[in-house]
Amino acid sequence: MNELRITDPRVRDAIASFDRADFLRPDQQIFADEDRPLDIGEGQTTSQPSLIAWTLEQLDLRPGARALEVGTGCGYQTALLSKLCAEVYSVDIVEPLVRGAAVVLGQLGCANVKLRVGDGYRGWPEAAPFDAIVVSAGAMGVPPPLVEQLAPGGTLIIPVGAADDMSLVRIKKSAQGVLSRERLLAVRFVPLVGPNAARLSP
C-alpha cells in the first residue's frame, strides 16, 4: 500500500473482508481500487485505504477491544474496526452520512457497531472508557473529553494542526493514567466540525 507498509495480519484480513466500493456513491465506485481519498458527499471524503489501514495498525487493536470512531463518514473504516474489535461506537455530525453508513453496515452484518449522529468533540461518554479512539477529521487540538474517555492502557489517534501543517498524532494513556504524545506523520484531513470545534482553535 504505497509507502505505508501494513504488517499486522489482522489488519490485512480486515481489509480483505470488505469491498470499498460498497461504501461509495455510484459515481465514485469505479475508483474504489485506487489508493486515494474519494468524495462521499456532504462536503466530506474518505481517506485512502493505505492510510486507514496504517492508522488502525498504529492503534494496536486487540480482539476484545472497545473502540470509538469520531467521523463515521461512509462507514468503511467503521467496518474494518468491526473486524478488529469487540465493540465499535461511531459518531458523526453529518446525519445523511450516518444514515447511509448504517444501511451498508447492516447489510454487511457488522452487528457489533453502534452509530450516533452527534458532536464528535464530546465523544460517547455513556459508553466510555474506550481502549482505542480514532478521529477522522483534523482539529487544532485534542478534545479533552476524548482523552478523558480513553481507558488506561488505551491509544488515541487524531490529526492535529492547521490544514497546511497537520500531523497524525498518537496519544497513549498508561495504566497509571499518564499521557504520552507522539507525532506519526504529516497528513491532510477535512476539519472537525460541530458546536465545540471552535474550542480547539489557538
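Here is how the numbers come out for the structure above:
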| quantity | calculated |
| --- | --- |
| Any hit, region 13-36, residues being of a type in the set (V, I, T) and either in contact with a Gly (Cβ under 8 Å, 6 or more places away or on another chain) or surrounded by 21 or more Cβ atoms within 10 Å (Cβ to Cβ) (or both) | no |
| Among residues of region 50-82, those that are assigned to a loop (DSSP other than H, G, I, E, B) and closer than 21 Å to A32 by Cβ, counted | 5 |
| Any pair with Cβ under 8 angstrom, 6 or more apart, that starts in region 25-40 at a residue that is in contact (Cβ under 8 Å) with a residue 24 or more places away in the chain and ends at one that is loosely packed, with under 14 Cβ neighbours inside 10 Å | D35/N2; I40/R25 |
| Residue satisfying condition, being aliphatic (A, V, I, L, M), crowded, with 17+ Cβ neighbours inside 10 Å and in contact with a Lys or Arg (Cβ under 6 Å, 6 or more places away or on another chain), within set I171, I158, I133 | I171 |
| Sole exception among (1) under 21 Å from A132 (Cα atoms); (2) touching a Lys or Arg at 6+ places or on another chain (Cβ under 6 Å) for A32, by number | (1) |
| Unique match (being of a type in the set (V, I, T), touching a Leu at 6+ places or on another chain (Cβ under 8 Å) and within 24 Å of D39 (Cβ to Cβ)) among V187, V169, V147 | V187 |
| Condition met for R99 (on the phi < 0 side of the Ramachandran plot, out of contact with any Ser or Thr (no Cβ under 6 Å at 6 or more places or on another chain), in a strand (DSSP E or B) and not acidic (D, E)) | no |
| Residues located in region 151-175, provided they are of a type outside the set (A, V, I, L, M, F, W, C), without any contact (Cβ under 8 Å) to a residue 40 or more places away in the chain and in a strand (DSSP E or B) | P152, G153, G154, P159, G161, D165, S167, K172, K173 |
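Where a number appears in this text, it was derived from the coordinates with a stated rule and is not lab data. Keep in mind the model is a prediction, meaning the values are calculated, not measured. Backbone-built Cβ (ideal geometry, glycine too); neighbour counts: all protein chains shown.
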